[in-house]
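Below: one structure, written as structure tokens.
The values are calculated or read from the model by the stated rules, or taken from the named source; none is laboratory data. Because the structure is predicted, anything quoted here is derived from the model rather than measured. A quick note on method: Cβ atoms are made from the backbone with ideal geometry, for glycine too, and the neighbour counts reach across all protein chains shown.
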Amino acid sequence: METEQQRGAMQFARKHILDMESLSVEEINVILDTAERMKEISKRPVKKVPTLRGKTVVLFFYEPSTRTRTSFDIAAKRLSADSLTLSGSSSSIVKGETLLDTARTLEAMNPDAVIIRHSSAGAPHMLSKMTTIPIINAGDGMHAHPTQSLLDLMTVVEKKGKVSGLNIAIIGDISHSRVARSNCIGFKKLGAHITLAGPPTMIPKGIESLGASVTYHAEEAIQNADVIMMLRIQKERQKSYLFPSEREYAKVYGLTKEKLKKAKADVLIMHPGPVNRGVEIAPEVADGPYSIILDQVTNGVAVRMAILYLIVGGARDATAD
Ligand code: CP
């Protein structure tokens, strides 16, 4: 008899995970439901099922990563897929090989999926058009980070029971944040209200077109929020300083215990990581009772197991031994 898991996989006909725009609400819900079931595997004494045995996934990371890369690697291993990591600096890219030639070389080895992080917006989309391999976007430039948004949605659903109707405040360097962009789209699709806050120099013009409200006053966003998501200043993507000093930034936009006194009693604090303690978030807030930052990390493994299962496999019950 067909299991619920198999029905989930069959509903999911998508070949690539490129951004949150292209995922329907139904597809998002299939991923979140599948991830919730995958989470149980990570709690077993033997954290491994044979679901993707014989499958190969390549983790192709042009930019540094701790959470995304390790969680995809762990996810693949928990589903028994073979995973290998190729970094920009250890590949023939340093000898001048192009992204496309690198991808076509990988394609010739017949992997079942390529998970790519790249500094250029649109790199995963290009590979999805120019090769036959299923492509999963692990973050492209300032454009999109769909698996981060999915794990953030999962974490909020777990903690609040829903997303619809919640006020989500995203505070920080919005301009350079693929997480902000993907979460605006993802949370909006599931019915949340989004407020983006940060210095005017870090909020792009026209961002309201994603359906978000904008304020330059962190306190205004904090007061009404059910969920506060703090973002790091992405110095690596800034051409010039957009704020006089980190100390002043922390004073005006950093989430401190003092600012948190104005928040709702059941507010949740999120951060995609990596955290710059003492800049966008005070250490006692990052480690405090409202913080669900490590729950986000835990759910990153479950969401990425779900995505690998739905994209690469899906022909059998994913949770069976
Ligand atoms: N949130 C996130 O993408 O973290 P990493 O850069 O460590 O993968």
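For the reader, a short list of remarks on this structure follows.
- Test: residue in the range 244-259 that is in a loop (DSSP other than H, G, I, E, B), outside the structural domain of residue 65 (by TED's automatic domain parsing) and either touching a residue at least 40 places away in the same chain (Cβ under 8 Å) or hydrophobic (A, V, I, L, M, F, W, C) (or both): no
- Residues in the range 112-135 that are within 15 Å of residue 305 (Cα to Cα) and within 13 Å of the ligand (Cβ to nearest atom): 115 alone.
- Residue in the range 77-87 that is assigned to a helix (DSSP H, G or I) and of a type outside the set (Val, Ile, Thr) present: yes
- Of the residues making up the range 157-193, those that are more than 21 Å from residue 139 (Cα to Cα) and of a type in the set (Val, Ile, Thr) number 3.
- If you check 73, 19, 101, 33 for being farther than 17 Å from residue 312 by Cβ and either aliphatic (A, V, I, L, M) or within 16 Å of the ligand (Cβ to nearest atom) (or both), only one passes: 19.
- Residue ID - farthest from residue 107 (Cα to Cα), chosen from residues in the range 76-94 that are more than 16 Å from the ligand (Cβ to nearest atom) and touching a residue at least 60 places away in the same chain (Cβ under 8 Å): 78
- On the stretch given as the range 147-175, residues that are within 16 Å of the ligand (Cβ to nearest atom) and either over 18 Å from residue 218 (Cα atoms) or without any contact (Cβ under 8 Å) to a residue 24 or more places away in the chain (or both) total 10.
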